[in-house]
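Scroll down for the structure; my scribbles are underneath it.
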Amino acid sequence: MNWFYVEQGQQTGPANDDQMAALLRAGKINANTLVWHEGMAEWLPFNRVQSDLKPSGSAPADGGVPPLVSAAASETGPKAEAVCAECGQMFPIDEMIRHGNARICAGCKPVFMQKLSEGAPVLAAGELNYAGFGVRFGAKFIDGLIIGIPLMVVYIAFLLPMMTSARTRNGQPDLGILPFLLQAAMLFANMVYQIFFLGKYGATPGKMACKLKVVTSEGGKISYGRAAGRFFAEMLSGMICYIGYIMVAFDKPQRRALHDHICNTRVVHSGK
């Protein structure tokens, strides 16, 4: 199970059961820390949902997860707070508006109302806003320009003169292994581009321009290894007449391409 928790007024996560148990033992979260996981209607103090925590690791020598104070004790504490679904910060519940499972602070209310008027989806904390086919195509097109234009400049400046001056055989330029080297250079440039940006930032420049991000199924950052696997899996999506890409238009609600299925990734709106 993946958890989200509040740390210094900011929503943090996701963290799995083992990580949450470790945070509890380290004192980074406690009985009154507000938490949320899939299936919960709203954020609650951790002691109210402690029974949902099921770490898989062995218990430490000190007896494992320390006991938490009772729910009654937390209810007599500070005024109840919740996480704003827009900015991710904590505010008293009585100073927020509620829409379904989402709570919105006063400062974010104008932006939230504008989204409602435009028909944008309203997500509770922890939910992912999956990107559709159109915006993903636009991001891929931008990435194609970024990679393709420099290669085209190299082709015109260096390779085209070589082709015109090359020896001919049967009326055609004898270029030797030059076409293969060109294909290999294009593949290598695309591979470095994809793996570097996805592994470091979770998004290529094209996806950044379209405010998209590649994440794990839980919404976490992908590793360089998964970015590399996704690159090679994406080659398969293109090899089968681009059917792997077209799948995005029909895979509801998560909008996964074939390479997303293979590598267990999702493309979401980053909102930044």
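Quick one: which of Lys115/Lys211; Lys54/Lys221; Lys140/Lys213 span more than 19 angstrom between C-alpha atoms?
The answer is Lys54/Lys221.
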Hey, can you grab everything whose amide H is under 5 Å from the amide H of Ala131? Only 5+ residues off in sequence or another chain; H modelled, so Pro and N-termini drop out.
Val267, Val268, His269
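Compute the orientation-averaged projected area for the stretch 133-269 from the convex hull of its Cα atoms and round it to one decimal in nm². Don't jump to the answer; show the numbers that get you there.
Details: hull surface 38.1 nm².
Result: a mean projected hull area of 9.5 nm².
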To the nearest Å, what is the center-to-center distance of the stretch 183-228 and the stretch 1-55, using C-alpha atoms only?
29 Å
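Would you mind counting up the charge near Ser223? Only other residues with Cβ under 13 Å from its Cβ, with Lys and Arg at +1 and Asp and Glu at -1. Please list the in-between numbers first.
Details: positive: Lys200, Lys221, Arg226, Arg230; negative: none.
Net of charged neighbours comes to +4.
Since every read-out is calculated from the coordinates, none of them should be taken as a lab result. Because the structure is a prediction, the values reported are computed rather than measured. A quick note on method: Cβ atoms are made from the backbone with ideal geometry, for glycine too, and the neighbour counts reach across all protein chains shown.
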